[in-house]
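The values are calculated or read from the model by the stated rules, or taken from the named source; none is laboratory data. Computed from a predicted model, the values in this text were never measured in an experiment. Don't worry about glycine lacking a Cβ; one is built from the backbone with ideal geometry, like all the others, and counts go over all protein chains shown.
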Amino acid sequence: MGIVLDSSIIIAAERRGHTVREILEQVKAVQGEIEIGVSVVTIAELVHRGQGESRPSNRMVPDH
């Protein structure tokens, strides 16, 4: 049995200044030797989030 990390867990940890390696080590320390997975959707969310921080938003914002 293993666990799957959601993007909200990774983002919250990054906001506290942790690296992905630190996040995984912390999960391992709490859960023990366990398989850790990240879904394709989570990876896509993180990539999109990372691109959004480095480039201006391409979203269309309605005029009000």
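Residues being free of Cβ contacts under 8 Å to residues at least 12 places away in the same chain and assigned to a loop (DSSP other than H, G, I, E, B): count how many of those fall in the stretch 4-45.
Here the count works out to 6.
Condition first: of a type in the set (Asp, Glu), surrounded by 11 or more Cβ atoms within 10 Å (Cβ to Cβ), at pLDDT 85 or above and over 17 Å from Ser8 (Cβ atoms). Can you find one or more residues in the stretch 26-40 that meet it?
First pass over the stretch 26-40, keeping only residues of a type in the set (Asp, Glu): 33, 35.
Now restrict to residues that are surrounded by 11 or more Cβ atoms within 10 Å (Cβ to Cβ): none.
Checked the stretch 26-40: no residue is of a type in the set (Asp, Glu), surrounded by 11 or more Cβ atoms within 10 Å (Cβ to Cβ), at pLDDT 85 or above and over 17 Å from Ser8 (Cβ atoms).
Which condition from (1) modelled with pLDDT of 85 or more; (2) among the small types (Gly, Ala, Ser); (3) assigned to a loop (DSSP other than H, G, I, E, B) is the one that Ser57 breaks?
Here Ser57 meets the rest and fails (1).
Quick one: in the stretch 1-20, which of the residues that are aliphatic (A, V, I, L, M) and in contact with a strand residue (DSSP E or B) (Cβ under 9 Å, 6 or more places away or on another chain) is surrounded by the most Cβ atoms within 10 Å (Cβ to Cβ)?
Filtering first and then ranking leaves Ile10.
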